[in-house]
Number of protein chains: 2
Amino acid sequence: MANEKECGFVHGVYLQLQSLIASFWSRIWRFLEKAWELGASEPRKVIHCLKVGVALSLVSLFYYMRPLYDGVGGTAMWAVMTVVVVFEYTVGATLYKCINRATGTFLAGSLGIGVHWVASQSGEKFEPIIAGILVFILASAATYSRFIPSIKARFDYGAMIFILTFSLVSVAGYRVEKLFEMAHNRVSTIVLGTSICIFTSMLICPVWAGNELHLLIYRNMEKLADSLDGCVAEYFNRDGTAKSSDHDFGKKMQGYKCALNSKASEESMANFARWEPAHGHFNFQHPWKQYLKIGAAMRNCACCVESLSGCVNSQIRIPEFLKKNFSEVCMRLSSHCSEVLRELVVTMKTMTKSSMTDLLVEDMNFAVQELQNALKALPNQLISPHGSVNDAKGDTTSKQFIVPVIEIVPLATTISLLSEIAARIEGIVDAVDDLADLAGFKPATDNKSKQSQCTTDIIDDETMKVLQKV
Amino acid sequence: MANEKECGFVHGVYLQLQSLIASFWSRIWRFLEKAWELGASEPRKVIHCLKVGVALSLVSLFYYMRPLYDGVGGTAMWAVMTVVVVFEYTVGATLYKCINRATGTFLAGSLGIGVHWVASQSGEKFEPIIAGILVFILASAATYSRFIPSIKARFDYGAMIFILTFSLVSVAGYRVEKLFEMAHNRVSTIVLGTSICIFTSMLICPVWAGNELHLLIYRNMEKLADSLDGCVAEYFNRDGTAKSSDHDFGKKMQGYKCALNSKASEESMANFARWEPAHGHFNFQHPWKQYLKIGAAMRNCACCVESLSGCVNSQIRIPEFLKKNFSEVCMRLSSHCSEVLRELVVTMKTMTKSSMTDLLVEDMNFAVQELQNALKALPNQLISPHGSVNDAKGDTTSKQFIVPVIEIVPLATTISLLSEIAARIEGIVDAVDDLADLAGFKPATDNKSKQSQCTTDIIDDETMKVLQKV
């Protein structure tokens, strides 16, 4: 009996253990699956990892090969550290860190040696006190500078490296006698590390922050156009087709959220992009700041699209005859709006000034005007719509055909949001025009050639595939 | 003559030099002014800088004092480095970096030593090859893991330190014979550095990421309420008072932008907050993620307020009698909306469940219903408003008093946006309710006591002063 009980207990423990292991294993499996999906959707990230491996292996050579080892000495450790700390996903971020690290180290090193010399002149007793006070003051000041937005955007990492090197030099300077040698070693190993990083990141499948920013902006513009089209189509065809249940369609409609949420990544990419040399179609002084303005204009517009999508989901139905009257003109406006956006996308993709944009904007404004006119024509219809709509009933009293204002409200909201969206799209057009002027986009020679240019545009196929999956 | 020319030239150069120096000086001056303003508006940032200075001075002691120097040895450099790299503005960020650094170093160090041992068993010839391959594989894998969102949010820094330490240990292991000693030194100095950082950041005027997040969220909620009130008041009183020219008022109206743009800072603060121990009224397992949901609900609502503010600036005027009819009911709804928001602010400030919220939400919904009813009552007025409004003219034909639909559009938009805002505020209420449940907010005992509690709430005066200036 006791034996049986024990057997049951052991069996229970065994089962529990088994389920524990199974759940642990399934968690690991899910994690690996997620990791695999990430890699499959963005192979460039996998390439980046291999690049880090290559850079580290290269720098390790300086340790493994004896002749080099004797040359660079024990401080080769700094080279390894530089590679690990400095190597980033985009070329711009890597350059930003490399230049900041080199400059910060050089400045702090020279200052540290100077301070050390001054302190050593004042006698051995005061040396640590002077050095300590100076470390305190300079570290505090440099830390403070990191809060100032203009410094933070460009030199945050440099300020940190400045503090680090200055503290190390002035603290170690008191002990280590061979200060100059140490400084020289540190600078040379950092130069070694940074140059390995720069070459690896620029020569093996480079990921340019500027290019990424450019792609991000016009991909978001495309998504905005898609979701605008989707919202309006959904609104007027709601009862016709059950499109909203379609997963792809729903995803398309949510596209404006990408534009709304990409502020932080736009800013960081614009910050990194300005460190990059000329690449692809971008010059060294490409106006990256203008991209932020385009992004802001797009967010402004996306806000309206978000409100519009709120309206789409509102409970109140529009009366059928109003819907019929307005669906065409509203759909026309929205398609004009998205055409303008798509033309801007082409402008950005091909980096050529489009002659079509002005025409399309005119068309869009004309469509707005048409919508206003349709509205102006409405009151008579509201009072006697029987001729056109409710003729089946044959009622002739006008009062019962009056549509209560409350039923017009959702339509009116849609209309004024659409007009507002059109106005905000003009803001995007202006921002893109400014970019075209600042970056010196060439005028497109011919529309047809442009269309074909669009398919073989500056963005390579690989990147486009990745983007389509995103 | 030549002398005169030369004199003129020298004078010109002198003038140019002078203006150059003056412009340089004025730039420096502007920069300093900006830095001063930053410090004056946020004294805690100045304190942070002094804290960094203190931590660095403390760690320098280990270099300056001979007995300690002999104890910790030349690797005290690592302690200085740890302090500089790890010390962040908020306690959470510092803890995140400290824990990640310590764990990453420990894991990579043990693994590195293990690998070194395995490699050394396979003979001197294969040792560098095996070590090199392992560095390549592990560095690539760890770099890849940094792209996975769940790892990136929590262990990004740890993964970097893992790569760094592993590379250093396995690369240096081949050369440095005293591997164990080095590992031990590195760990002990890192423990020293991190503990100095943790104590300095937690004991001297600590800035808790959690507290900052809490403040940010309810400050944004207040700003949202202000700008909602401002927009509606501006819309209905536009011609009455020239409020919009008032700088303060304009700033208040733009308050919703803070809610729209704070996604990135909310996310980073929530990430850091979960590393923090219990502090103030927050437990260790405070549901910080819920704050992100509140933030998202607020952004959702802010989008509508932004569209509403677009309507405020629209060209089309509402007919006077409609304005008169609706201004009261609209203002009532908006004030109910902002009352709900302000009650939520009080709930969050005092961290007590409010019994008022449900009542206020009911009031808000009642106001929405009232607005709908006012709209429903409208058609008759539209057809014969002469009795109430245009009686001065004495016209009796009904047709000429019909308000064209186009003139109703801005009002209709405002009304439906207001209703949408009310609906989205309910979303915020739900999110805050969830927070109250998850965090176990106590029910408020009495409304009056709550009001007084509100003034002496958990946020200290200093912080409030700072926030009022922001």
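Table for the structure above
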| read-out | value |
| --- | --- |
| Filter result for A:C330 (in contact with a Ser or Thr (Cβ under 8 Å, 6 or more places away or on another chain) and in a helix (DSSP H, G or I)) | yes |
| B:C304, sole failed condition from (1) open to solvent by less than 10 Å² (accessible area, probe 1.4 Å); (2) more than 10 Å from chain A (Cβ to nearest Cβ) | (2) |
| Residue list for region A:111-170, restricted to those being closer than 23 Å to A:M182 by Cα, charged (D, E, K, R) and surrounded by 14 or more Cβ atoms within 10 Å (Cβ to Cβ) | A:E127 |
| Test result for B:N283, free of Cβ contacts under 8 Å to residues at least 24 places away in the same chain and surrounded by fewer than 18 Cβ atoms within 10 Å (Cβ to Cβ) | no |
| Of the criteria (1) of a type in the set (A, V, I, L, M); (2) within 30 Å of B:D437 (Cα to Cα); (3) at pLDDT below 85, which one B:I318 fails | (2) |
| Among (1) modelled with pLDDT under 85; (2) among the β-branched types (V, I, T); (3) over 30 Å from A:V305 (Cβ atoms) - the single one A:T241 does not satisfy | (3) |
| Residue match in region A:418-425 (condition: at pLDDT 75 or above and touching a Ser or Thr at 6+ places or on another chain (Cβ under 6 Å)) | no |
| Cβ pairs under 8 Å, 6+ apart, first in region A:134-149 and among the charged types (D, E, K, R), second modelled with pLDDT of 90 or more | A:R146/A:D156; A:R146/A:A159; A:R146/A:M160 |
| Check on A:L322, touching a residue at least 12 places away in the same chain (Cβ under 8 Å), within 13 Å of another protein chain (Cβ to nearest Cβ) and over 19 Å from the mean Cα position of the chain (by Cα) | yes |
| Given (1) modelled with pLDDT under 90; (2) surrounded by fewer than 22 Cβ atoms within 10 Å (Cβ to Cβ), number of the condition B:V80 does not satisfy | (2) |
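To keep it simple, each residue is scored yes or no on (1) within 14 Å of chain B (Cβ to nearest Cβ); (2) at pLDDT below 90; (3) in a helix (DSSP H, G or I).
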| site | (1), (2), (3) |
| --- | --- |
| A:H214 | no, no, yes |
| A:A225 | no, no, yes |
| A:C231 | yes, yes, yes |
| A:M269 | yes, no, yes |
| A:F272 | no, no, yes |
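Rundown of residues vs (1) in contact with a strand residue (DSSP E or B) (Cβ under 9 Å, 6 or more places away or on another chain); (2) among the acidic types (D, E); (3) closer than 30 Å to B:L438 by Cβ; (4) in the same structural domain as B:R219 (by TED's automatic domain parsing), yes/no style:
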residue	(1), (2), (3), (4)
B:F284	no, no, yes, yes
B:K293	no, no, yes, yes
B:A297	no, no, yes, yes
B:N325	no, no, no, yes
B:E343	no, yes, yes, yes
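The values are calculated or read from the model by the stated rules, or taken from the named source; none is laboratory data. Model, not experiment: these values are computed from the prediction. No Cβ is skipped: glycine too gets one built from the backbone with ideal geometry, and neighbour counts run over all protein chains shown. With ligands, DNA and RNA removed, areas are computed over all heavy atoms of the protein, side chains included. Shrake-Rupley method; radii C 1.70, N 1.55, O 1.52, S 1.80 Å.
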